[in-house]
1. For the range 9-56, which residues satisfy the criterion of being among the hydroxyl-bearing types (Ser, Thr, Tyr) and touching a strand residue (DSSP E or B) at 6+ places or on another chain (Cβ under 6 Å)?
2. Of everything in the range 71-86, what is loosely packed, with under 12 Cβ neighbours inside 10 Å and either touching a strand residue (DSSP E or B) at 6+ places or on another chain (Cβ under 8 Å) or in a loop (DSSP other than H, G, I, E, B) (or both)? Give them in sequence order.
3. In contact (Cβ under 8 Å) with a residue 12 or more places away in the chain and either in a strand (DSSP E or B) or surrounded by 11 or more Cβ atoms within 10 Å (Cβ to Cβ) (or both) - does that describe any residue in the range 58-70?
4. Would you confirm whether any residue within the range 6-19 is of a type in the set (Gly, Ala, Ser), at negative phi and over 14 Å from the mean Cα position of the chain (by Cα)?
5. Filter the range 36-57 down to the residues that are farther than 19 Å from Glu3 by Cβ and either surrounded by 13 or more Cβ atoms within 10 Å (Cβ to Cβ) or touching an Asp or Glu at 6+ places or on another chain (Cβ under 6 Å) (or both) and list them by number.
Amino acid sequence: MSEFISQVTKNARETVFLSLSEYKGHRLIDIRVHVPGDQEGDWVPTRKGVSLAVGLYPAFKQALAQMEAALIQQGLLDPEDLEPSD
């Protein structure tokens with residue numbers, strides 16, 4: 001069973017879902033591409049994605065911070081883009 005946390009629209013046909021799941025007794029962070037299913041509002045997971053053990057979250061978060069710094073340094077992202085929107 002998977003617990004939906006958030007989603008990010010990737011393009012017109014794909015959405016990235018972030019969820020918490022469990023596999024063989026191990027809690028996982030699942031970041032996976034989904035495509036529309038047969039019924040309206042239904043999403044189907046694809047093989048595109050990654051599942052990380054919850055214990056890897058601190059290292060993953062640090063890696064994302066490093067990516068953020070590189071994006072800002074290279075002018076690919078403005079710090080204002082990272083501020084919460086109302």
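1. Thr9, Thr15, Ser19, Ser21, Thr46, Ser51
2. The answer is Gln74, Gly75, Leu76, Asp78, Glu83, Pro84, Ser85, Asp86.
3. There is at least one residue in the range 58-70 that is in contact (Cβ under 8 Å) with a residue 12 or more places away in the chain and either in a strand (DSSP E or B) or surrounded by 11 or more Cβ atoms within 10 Å (Cβ to Cβ) (or both).
4. yes
5. Pro36, Lys48
Throughout, read-outs are computed from the coordinates displayed, never taken from laboratory work. Since we're looking at a predicted model, the values are computed, not measured. No Cβ is skipped: glycine too gets one built from the backbone with ideal geometry, and neighbour counts run over all protein chains shown.
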